[in-house]
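What follows is a single structure, written as structure tokens, with notes after it.
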């Protein structure tokens, strides 16, 4: 989602940017789309993904959760 917030992209652009398998990116985009967190314009290979209105209405919650995840990934929180 961070990547799409910076710049809308199609599946292949996301694959290259995130250095992930095409099927993995496609799967996650489908999950995000099914949960109304991304929207798109176009079709087939030109299908560009954007953060949805619903996502943008809840961006503060995303940032709060993502900040906690990022801290844990970086080892910023004490282990309990």
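A compact table of results
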item: Residue within segment 58-77 that is at positive phi and in contact with a strand residue (DSSP E or B) (Cβ under 7 Å, 6 or more places away or on another chain) present; result: no
item: Long-range neighbours under 8 Å by Cβ, at least six apart or interchain, first residue on the phi > 0 side of the Ramachandran plot and at pLDDT 95 or above within segment 23-44, second outside any strand (DSSP E or B) and surrounded by fewer than 15 Cβ atoms within 10 Å (Cβ to Cβ); result: 36/54
item: Within segment 40-57, considering residues that are out of contact with any strand residue (DSSP E or B) (no Cβ under 9 Å at 6 or more places or on another chain) and closer than 23 Å to residue 13 by Cα, the one surrounded by the most Cβ atoms within 10 Å (Cβ to Cβ); result: 56
item: Any chance residue 15 is in contact with a helix residue (DSSP H, G or I) (Cβ under 7 Å, 6 or more places away or on another chain), surrounded by 11 or more Cβ atoms within 10 Å (Cβ to Cβ) and either in a helix (DSSP H, G or I) or modelled with pLDDT of 90 or more (or both); result: yes
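The values are calculated or read from the model by the stated rules, or taken from the named source; none is laboratory data. Predicted, not measured: the structure shown is a model, and the values here were computed from it. Glycine also receives a Cβ, built like all others from the backbone with ideal geometry; neighbour counts cover every protein chain displayed.
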